[in-house]
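These notes concern the structure reproduced below.
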Amino acid sequence: MSIEPLPHTAASQVIGLLEALNDRGGRDDIYKLAKELNLELGDLMAAIRVAEKLEFVTTPGGDVELNDLGRKMLRARTPGKKKLFHAQVKKVPLVDHLYQLLVRSPHKRVTKEAMVEELSKLLPDDDAAQLFDTVLNWSRYAELFSYDQDTGECFIPE
């Protein structure tokens, strides 16, 4: 599996996209959706790419469509949403790579600086700090790992 950069999109934007699609019968034209939601096309496309990477939507033609997993995500209560998001996020090679760094570290803690440095090595042409922020946002929502501002370390919650 190759490690690819991630669109800078928050977990809440992905869930908002799923909810907007659900409100529109589960499928909509991407350009029409951007206009109706008053979003820049680039921002919407980033959320769609993430939702597609997490296997919540498909993109037939110029449309975006909820699939069964996306519908399951919407039906779940918050703990179920987090559990499902957790399972899908762990399938993303970049997220899993950073998670494995934590798993292999003594005390299950790694500094933010070490994480950003690792991202710089993996994807030297990308903004490592922004990638870190994206991965952290997804990982916090999924309760995969979190960040302690006082110590400057990422850690796996107990």
Among the candidates Y99, Y141, single out the residue that is farther than 18 Å from S12 by Cα, buried (at least 18 other Cβ atoms within 10 Å of the Cβ) and either touching a His at 6+ places or on another chain (Cβ under 9 Å) or hydroxyl-bearing (S, T, Y) (or both).
Y99
Please find, within segment 123-137, the residue that is farthest from Q100 (Cα to Cα) out of those that are surrounded by 16 or more Cβ atoms within 10 Å (Cβ to Cβ) and without any contact (Cβ under 8 Å) to a residue 60 or more places away in the chain.
A128
Pick from L33, L21, L41, L17: which is farther than 15 Å from N137 by Cα and surrounded by fewer than 14 Cβ atoms within 10 Å (Cβ to Cβ)?
L41
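Being outside the structural domain of V92 (by TED's automatic domain parsing), over 13 Å from the mean Cα position of the chain (by Cα) and modelled with pLDDT of 95 or more narrows it down to one of G16, G25, so name that one.
The conditions single out G25.
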Take segment 20-79 and flag every residue that is of a type in the set (S, T, Y) and closer than 24 Å to P93 by Cα.
T58, T59
For the structure I just gave you, tell me whether E65 is touching an Asp or Glu at 6+ places or on another chain (Cβ under 9 Å) and either modelled with pLDDT under 95 or buried (at least 19 other Cβ atoms within 10 Å of the Cβ) (or both).
no
Among (1) touching a residue at least 12 places away in the same chain (Cβ under 8 Å); (2) of a type outside the set (A, V, I, L, M, F, W, C); (3) surrounded by 13 or more Cβ atoms within 10 Å (Cβ to Cβ), E113 falls short only on (3)
Please find, among K108, K91, the residue that is at positive phi and surrounded by fewer than 19 Cβ atoms within 10 Å (Cβ to Cβ).
K108
Checked pairs for segment 138-158, first in contact (Cβ under 8 Å) with a residue 40 or more places away in the chain and assigned to a loop (DSSP other than H, G, I, E, B), second among the aromatic types (F, W, Y) and surrounded by fewer than 22 Cβ atoms within 10 Å (Cβ to Cβ), C-beta under 9 Å and 6 or more apart or across chains, list as L144/Y99; F145/Y99; F145/F155; I156/Y99
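The values are calculated or read from the model by the stated rules, or taken from the named source; none is laboratory data. Predicted model, so just to flag it, every value in this text is computed and none were measured. Neighbour counts run over all protein chains shown; Cβ positions are idealised from the backbone, glycine included.
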